[in-house]
Amino acid sequence: MTDSVTIRRPDDWHLHFRDGDVMRGVVPYTARQFARAIVMPNLTPPITTAAMAADYRDRILAAMPDGVDFEPLMVCYLTDDTDADDLVCGAEEGVFTAAKLYPANATTNSAHGVTNVRGIYPVLERMQEAGVVFCVHGEVTTPDIDVFDREAEFIERYLRDIVANFPDLKVVFEHITTRDAVEFVLESGPNVGATITPQHLHINRNAMLVGGMQPHNYCLPVAKREEHRLELRKAATSGNPKFFLGTDSAPHFRGDKESSCGCAGIFGAPYALESYLTVFDEEDAIEQFEGFASLHGPAFYGLPVNEHKVTLERMRVEVPDELALAGSTIVPWHGGQSIGWKFVG
Ligand code: NCD
Ligand code: ZN
């Protein structure tokens, strides 16, 4: 039995740092395990210009603990009015690594998102030319579509058309939750990849709805049926370079989740690698862990792999029920449970 796993330092290809005190509280958790992260731009107001992204990056770097080497990779929040010149210029200056499509009202802070996906095709054209990665929250938001079908429907309504029209655009289908998404990514060319979160590998929708409402298992896209979770586990542990790590760690205070209108999002950062490695271990695929966590993402983004290494050891770790943060508390992913791996640095 493998009791110790050492891999190149991984990156998180989908992460929410927030801003202000919450950001200062969560940054150390990610910087402890990861070398870089794709930082989501859904702040209030959203990060829509290169100047805003450069300022936000400075605030993140100022929040880094001393001596920590961490690189935030910034993302432009696409709107109906995105200025393609500013986006491409920002990418050329090294501010933007990617741009993100939030369909309007799909998730937390997406009210300014895109209302007409085909309306941003001129921007996608420029991104394709300039080599800016396109990150997609792939859910339709029209009320006629059941919440459990939103991802599959997005593929048919939008994603096939985008991929057909922009064959050289690098597209990340983010936080995929369905067999449909796995199949779409597999049948697409090498420019189409996907991130997978720890929660979607661990839980199906029962974890959210059986035995009482479980707000700490609620995130978007929502977890689906068991058959979908099993497909995601297969994809993540397959060694296929199209699939890579993106926690979608999305901190919300405990009170904002345990409320009559609870927020979507799971704070996965504190025990992220332990959580993923548990899945690879259960699937008897520890040898594929480094690819998923540390190699496939940089290859897709055209960035160098990290030089340093990290180690996890087989050991029972009790995950606290909650963490004190920014004068309040946040429940971490796996809160109150024990987990079989320990990150040792
Ligand atoms: C994210 C958040 O809280 O910002 N929530 C979530 O459930 N994943 C937004 C997102 O990525 O959808
Ligand atoms: Zn997210």
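Brief remarks on what is shown
- Positions within the stretch 20-53 being surrounded by fewer than 17 Cβ atoms within 10 Å (Cβ to Cβ), among the small types (Gly, Ala, Ser) and in contact with a Gly (Cβ under 9 Å, 6 or more places away or on another chain), in sequence order: Ala51
- Residue in the stretch 151-158 that is of a type in the set (Gly, Ala, Ser) and either loosely packed, with under 15 Cβ neighbours inside 10 Å or within 20 Å of Thr115 (Cβ to Cβ) (or both) present: no
- Qualifying residue in the stretch 73-89 (condition: closer than 26 Å to Phe253 by Cβ, modelled with pLDDT of 95 or more and surrounded by fewer than 18 Cβ atoms within 10 Å (Cβ to Cβ)): no
- Wholly within the stretch 1-56, strands (runs of 3 or more DSSP E) carrying at least 2 residues that are within 16 Å of ligand 2 (Cβ to nearest atom): 12-15, 36-39
- Test result for Asp284, free of Cβ contacts under 8 Å to residues at least 24 places away in the same chain and either acidic (Asp, Glu) or more than 16 Å from ligand 2 (Cβ to nearest atom) (or both): yes
- Odd one out for Tyr301 among (1) within 19 Å of the chain's Cα centre (by Cα); (2) farther than 30 Å from Gly94 by Cα: (2)
- Selection from the stretch 169-206 of residues that are acidic (Asp, Glu) and open to solvent by 10 Å² or more (accessible area, probe 1.4 Å): Asp180, Glu183, Glu187
- Cβ separations smaller than 7 Å between residues 6+ apart or across chains give the following pairs from the stretch 146-174 residues that are farther than 22 Å from Tyr301 by Cβ to residues that are open to solvent by 30 Å² or more (accessible area, probe 1.4 Å) and among the charged types (D, E, K, R): Glu151/Asp180; Ala152/Asp180; Ile155/Asp180.
- Unique match (being more than 25 Å from Gly291 (Cβ to Cβ) and among the basic types (Lys, Arg)) among Arg57, Arg36, Arg32, Arg9: Arg57
- Meets criteria (free of Cβ contacts under 8 Å to residues at least 40 places away in the same chain and within 23 Å of Pro320 (Cα to Cα)) for Gln199: no
- When the stretch 70-93 is limited to residues that are touching a residue at least 40 places away in the same chain (Cβ under 8 Å) and in a loop (DSSP other than H, G, I, E, B), the one that is nearest to ligand 2 (Cβ to nearest atom) turns out to be Leu78.
- So Pro28, is it of a type outside the set (Asp, Glu), more than 16 Å from ligand 1 (Cβ to nearest atom) and either within 20 Å of Gly193 (Cα to Cα) or modelled with pLDDT under 95 (or both): no
- In the stretch 290-313, the condition of being without any contact (Cβ under 8 Å) to a residue 24 or more places away in the chain, open to solvent by 10 Å² or more (accessible area, probe 1.4 Å) and more than 24 Å from Trp13 (Cα to Cα) is met by no residue.
- Within the stretch 100-119, residues that are without any contact (Cβ under 8 Å) to a residue 12 or more places away in the chain reach partners that are away from ligand 2 (no atom under 13 Å from the Cβ) with beta carbons closer than 7 Å, at six or more positions or on different chains, in the pairs Ala111/Ala104; Ala111/Asn105.
- Residues in the stretch 253-277 that are open to solvent by 20 Å² or more (accessible area, probe 1.4 Å), farther than 19 Å from Met40 by Cβ and in a helix (DSSP H, G or I): Arg254, Gly255, Tyr271.
- A single member of Phe267, Phe253 is among the hydrophobic types (A, V, I, L, M, F, W, C), touching a Leu at 6+ places or on another chain (Cβ under 9 Å) and more than 18 Å from His14 (Cβ to Cβ), and it is Phe253.
- The stretch 314-343: number of residues that are over 19 Å from Thr197 (Cα atoms), touching a residue at least 60 places away in the same chain (Cβ under 8 Å) and of a type in the set (A, V, I, L, M): 2
- The stretch 224-252, residues that are in a loop (DSSP other than H, G, I, E, B) and crowded, with 19+ Cβ neighbours inside 10 Å: Lys224, Thr237, Asn240, Lys242, Gly246, Thr247, Asp248, Ala250, Pro251, His252
- The residues of the stretch 218-269 that are in contact with a strand residue (DSSP E or B) (Cβ under 9 Å, 6 or more places away or on another chain), within 16 Å of ligand 1 (Cβ to nearest atom) and small (Gly, Ala, Ser), listed by number, are Gly246, Ser249, Ala250, Gly255, Gly265, Gly268, Ala269.
The values are calculated or read from the model by the stated rules, or taken from the named source; none is laboratory data. What you are looking at is a predicted structure, and each value in this text was computed from that prediction instead of being measured. Here the Cβ is made from the backbone with ideal geometry for all residues, glycine too, and neighbour counts use every protein chain on show. The protein model used for the area step is the full one, side chains on, heavy atoms only, and it has no ligands, DNA or RNA in it. Shrake-Rupley method; radii C 1.70, N 1.55, O 1.52, S 1.80 Å.
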